[in-house]
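Novice: Attaching a single structure in structure tokens format; questions to follow.
The values are calculated or read from the model by the stated rules, or taken from the named source; none is laboratory data. Bear in mind that the values here come from a model prediction, so they are computed numbers and not experimental data. Glycine also receives a Cβ, built like all others from the backbone with ideal geometry; neighbour counts cover every protein chain displayed. Heads up: the accessible areas ignore ligands, DNA and RNA and are worked out on the full protein's heavy atoms, side chains in. Shrake-Rupley method; radii C 1.70, N 1.55, O 1.52, S 1.80 Å.
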Amino acid sequence: MSNIQFDYSKALGFIDEQEVLSLQDTINTNYKAIYDKTGKGNDFLGWVDLPSKTDTSLLKQIEQTANSLRAKSEVCVVIGIGGSYLGARAVIEALSPAFNLLKKKKGNPVILYAGHNISEDYLTQLLQVLNEKDYSIVVISKSGTTTEPALAFRLLRRHLEEKYGEKEAATRIVAITDKARGALKQLATEKGYQTYVVPDDVGGRYSVLTPVGLLPIAIAGFDINKLIAGAQQMESFVKEDYSIGKNPVSAYAAVRNVLYNNGKSVEIMVNYEPNLYFFTEWWKQLYGESEGKENKGIFPAGVSNTTDLHSMGQYIQEGVRNLFETVVSVKNPDNTLLVPEDADNLDKLNYLAGKRINEVNKMAELGTTIAHVDGGVPNLRISIPEISESVLGELIYFYEMACAVSGYLLDVNPFDQPGVEAYKRNMFALLGKPGFESETEAIKKRLNQ
Ligand code: PA5
């Protein structure tokens, strides 16, 4: 059974459904390549059966580590970038109260993030906050050599050691990295930090259900057993029947591929719940890095409505017609809040009195969908019953599998990211990193031309 429903009826005015259904054989072949590990990037398919293979003893160990950090931390700083950051943040922000003041319960540390930018102001302000707080650090880098998290860790490690002394600091740091290689692994061994391993066959952007995501999520106080159980449910469901008519993963992959082949090269993920903002960020990385190569791929964008209806709404309604939207629609909010009656009714809102705020939100969603379809933007809809650990687990696996199937439909390797290296080479050359001498010379010549 799946709690995720996919509806593409509002895209059918733009594409021929036969074209969608005709992809069935290719999609079956793609699943086979994924399960048999015979397709492109087949050494990075560890995520496919990760939920069902996750040992309860690993989950227990992660919970123990989380509890010991929770007990002594008002703040936990999660250091990482890209796939070593976005999955944890997506789940934590989706499940957390919107306001930091509510998050700050005793024994429930606020999670702050570092290592995902190189901003001097951001890092300075973070250190200022940490001067006042008891804190711990989870540092995550699969390669163990990425510049952004390495820089942030160097600063924060020094700060932590000065604050608590080297011995206590070492008990407040957990490193998640490769089992044997990389500078972070070496440092962790030398300093005696507790470590968790990022499996060799799971790439960063598919790693949220490994300790990379699970430890920060557990520290934030959420149930990683339920998250994994949800993902397991989707893992089994996907395998039952690949047919586009019954399997939302197949349908989503097929429809977006047909839209792309019909000139819709930008997909906008739309939410009406601000808690899903970082889920969209996670999805953008997953799809952008997986599909955007060899001069191909759908550009993943995101909006948070109704906020963005007052900024991006104009473009979506009337701009270049190369867009389609995928709404992630949440059926049941956690809370009930009614619009109050007002004697003066100066704002003319009494026609809504007694209605739930969610009903207004849902009518905004429906009204927008109709308007955008009328304006030439095909609409896909992924419905989930609620934002909970188990549903997020299902949704994560849904998107991961759909991404792999979609990448194979495009005939690219959905598990590599060769293009990410280009900026790094230039940055290293400009900074004069040892080993980059000829690149430094070449880039300086270019800049002086
Ligand atoms: O998806 C990916 O592989 C990347 O986004 C990486 O996760 C990101 O570059 C961070 O790499 P690392 O974990 O090696 O520091």
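Novice: Counting each pair of different Cα atoms once, what's the Kirkwood radius of region 43-83 in Å, rounded to one decimal?
Specialist: 12.8 Å
Novice: Compare LYS167, LYS226 by solvent-accessible area with a 1.4 Å probe and give them largest first, with all protein chains kept in place.
Specialist: Working: LYS167 175, LYS226 110 Å².
Result, largest first: LYS167, LYS226.
Novice: Then there is this: Could you pull out every residue, at least 5 positions away or on a different chain, whose amide H is within less than 5 Å of the one on VAL110? Hs are placed 1.01 Å off N in the peptide plane, and Pro or chain starts have none.
Specialist: VAL75, CYS76
Novice: A follow-up question, please. Suppose each label sits 7 Å from its Cα in the direction of the beta carbon; what would the GLN18-THR336 distance come out to in nanometres?
Specialist: 5.0 nm
Novice: From the phi of every residue in region 369-379, what ³J(HN,Hα) in whole Hz does the Karplus formula 6.51 cos²θ - 1.76 cosθ + 1.60 yield, where θ is phi - 60° and glycine or proline is x?
Specialist: With the stated coefficients, region 369-379 comes to 4, 5, 4, 5, 4, 4, x, x, 10, x, 10 Hz.
Novice: Using a 1.4 angstrom probe with every protein chain in place, what is the largest-first accessible-area order of MET234, MET427?
Specialist: MET427, MET234
Novice: Per DSSP helix of 4 or more residues, -39500 (n - 2.57); summed, then divided by the residues of the chain. What does that give at 222 nm, rounded to the nearest 500?
Specialist: Computed ellipticity for the chain at 222 nm equals -15000 deg cm²/dmol.
Novice: Any chance you could run the full-extension gain for ASP200 through ALA353? It's 0.36 nm times the residue separation minus the Cα-Cα distance, nm to one decimal.
Specialist: Values: separation 153, 0.36 × 153 = 55.08 nm, distance 5.59 nm.
Once the chain is fully extended between ASP200 and ALA353, it gains 49.5 nm.
Novice: Got a number for the accessible area of GLU437? Probe 1.4 Å, square angstrom, nearest 10.
Specialist: Answer for GLU437: close to 120 Å² accessible.
Novice: So which lysines pass the test for LYS53, namely a Cα distance under 24 Å, with those fewer than 8 places away in the same chain ruled out?
Specialist: Leaving aside lysines fewer than 8 places away in the same chain, those within reach of LYS53 are LYS32, LYS37, LYS40, LYS142, LYS179, LYS226, LYS239.
Novice: Each residue of region 391-405 in order: what ³J(HN,Hα) in whole Hz does its phi give by Karplus 6.51 cos²θ - 1.76 cosθ + 1.60, θ = phi - 60°, with x for Gly and Pro?
Specialist: 5, 5, x, 4, 5, 4, 5, 3, 5, 4, 5, 4, 5, 5, 4
Novice: Okay, next question. In the chain, what % of DSSP beta bridges are antiparallel (nearest 5)? Numbers along the way, then the final one.
Specialist: Values: 5 of 42 bridges.
Here the antiparallel bridges make up roughly 10 percent for the chain.
Novice: Taking LYS10 as the anchor, which lysines have their alpha carbon closer than 17 Å to its alpha carbon, excluding any fewer than eight residues away along the same chain?
Specialist: List returned: LYS264, LYS362.
Novice: Please list, or write none, the aspartates and glutamates whose alpha carbon is within less than 17 Å of the alpha carbon of LYS185, excluding same-chain residues fewer than 8 places away.
Specialist: Result set, ordered by chain and number: GLU148, ASP200.
Novice: Could you work out the relative contact order of region 1-148, using alpha carbon pairs under 8 angstrom and six or more residues apart, expressed as a whole percent?
Specialist: On the way: 106 pairs, mean separation 40.3, N = 148.
Computed over region 1-148, the figure is 27 percent.
Novice: If you find the alpha carbon centre of region 315-335 and of region 245-285, how far apart are they in angstrom?
Specialist: Centre-to-centre (Cα) distance: 10 Å.
Novice: Still on this structure: Rounded to the nearest 20 Debye, what is the dipole magnitude of region 372-449 about its Cα centre when Lys and Arg each give +1 and Asp and Glu each give -1 at the C-beta?
Specialist: Using Cβ point charges on Lys, Arg, Asp and Glu, region 372-449 gives about 600 debye.
Novice: Quick one: accessible surface of MET1, probe radius 1.4 Å, all protein chains present, in square angstrom to the nearest 10.
Specialist: 140 Å²
Novice: Additional query: Could you compute how fast the chain diffuses translationally, taking Rh as the Kirkwood radius over C-alpha pairs and applying Stokes-Einstein at 20 °C with viscosity 1.002 mPa s? Give it in µm² per second. Don't skip to the answer; put the middle values down first.
Specialist: On the way: Rh = 23.5 Å.
Reported coefficient: 91 µm²/s.
Novice: Quick one: how many Å² of HIS372 are accessible to a 1.4 Å probe, rounded to 10?
Specialist: 10 Å²
Novice: How would PHE222, PHE99 rank on accessible area, largest to smallest, probe 1.4 Å?
Specialist: Correct descending sequence by accessible area is PHE99, PHE222.
Novice: Given just the C-alpha atoms of region 50-222, how large is their convex hull per residue in cubic angstrom?
Specialist: Taking only Cα atoms, region 50-222 has a hull volume of 108 Å³ per residue.
Novice: Related question: How high is the relative contact order of the chain, in percent, counting Cα pairs under 8 Å that sit 6 or more residues apart?
Specialist: Once normalised by length, the contact order is 23 percent.
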